[in-house]
Amino acid sequence: MAKELKPFWSNYFDFNWKFGLFLILLICIPRFILVLNANETANYGYIGLIMMVSAIAPFVFLSKNGRKAIGLTTPKNRHWLVLAILWGLIFSVFLYFLGELLYKDSFENWYIYIGKSYNIPTGIQPNDKLVLFLIMAITGMIFSPIGEEFFFRGLVHSSFAKSVGNTKASIIDGSAFALTHISHFGLVYIQEEWRFLTFPTLIWVLSMFLVSILFYRCRQKTTSLWGAVICHAAFNLGMIYCIFYALN
């Protein structure tokens with residue numbers, strides 16, 4: 001049977017939970033630190049770099065057989081690609097209304113806090129706002145969906161699934177995904193000081209876990225990581241639209 005890992009990496013790892021844990025430590029810890037630093041300095045350049053590293057990781061570590069095993073294949077059940085778009089949009093809009101209901105326009109509202117990183121100028125003209133929205137939307141629909149889905153629903157999930165099965169693996173990759181997103185919201189930098197927003201963070205982490213299960217479901221139904229990528233891209237589009245046009 002062809003091995004999932006390239007020959008070089010096969011000298012050091014088996015494609016199992018230990019390799020998955022290695023990947024989480026290798027990528028998620030630096031990413032967590034870089035996002036916190038970006039929130040403090042407003043320099044988000046390195047976030048794109050970590051997403052690029054996440055996206056190319058399957059091509060660095062895996063053989064052709066391994067990339068196929070993690071879902072880098074042509075999608076099947078094409079109607080599920082449409083459903084993936086719809087569910088991604090629905091979940092993002094649901095989170096908007098939940099944040100509005102509970103926290104209105106305070107920084108305890110996850111979309112308000114995340115939106116400050118977009119630096120939308122006050123009084124921006126509609127045409128300029130549309131251009132900025134399109135730039136943010138296109139970027140947000142490409143980099144993080146590909147990087148995160150190739151990494152979490154691809155490499156991490158499949159390596160754990162080899163040891164514990166798909167159900168437990170989806171819980172593990174979803175938990176890693178959700179906890180990593182505390183750096184995006186939860187541990188927040190406001191008025192030049194760090195705060196941990198306990199209850200909003202719990203809601204946010206649970207939401208990120210549930211949406212990661214949704215992404216995995218789309219991968220499962222389409223038999224391809226591209227199903228997860230498309231759902232994730234739709235979620236990001238909905239979130240960015242809400243930040244630009246519902247909150248501002």
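The values are calculated or read from the model by the stated rules, or taken from the named source; none is laboratory data. None of these values were measured; they are calculated from a predicted model. Here Cβ is always computed from backbone atoms with ideal geometry, including for glycine, and neighbour counts include all displayed protein chains. For accessibility, only protein heavy atoms count, side chains too; no ligands or nucleic acids. Shrake-Rupley method; radii C 1.70, N 1.55, O 1.52, S 1.80 Å.
Only a single item in (1) in a helix (DSSP H, G or I); (2) of a type in the set (D, E, K, R); (3) under 27 Å from residue 201 (Cβ atoms) is not met by residue 67, and it is number (3).
Is it true that some residue in segment 194-202 is part of a helix (DSSP H, G or I) and crowded, with 20+ Cβ neighbours inside 10 Å? Yes. In segment 65-89, the qualifying residues are those that are without any contact (Cβ under 8 Å) to a residue 40 or more places away in the chain and not basic (Lys, Arg), and the one that is least open to solvent (accessible area, probe 1.4 Å) is 82.
Total residues in segment 42-55 satisfying the condition of being part of a helix (DSSP H, G or I), open to solvent by 40 Å² or more (accessible area, probe 1.4 Å) and in contact (Cβ under 8 Å) with a residue 40 or more places away in the chain: the figure is 2.
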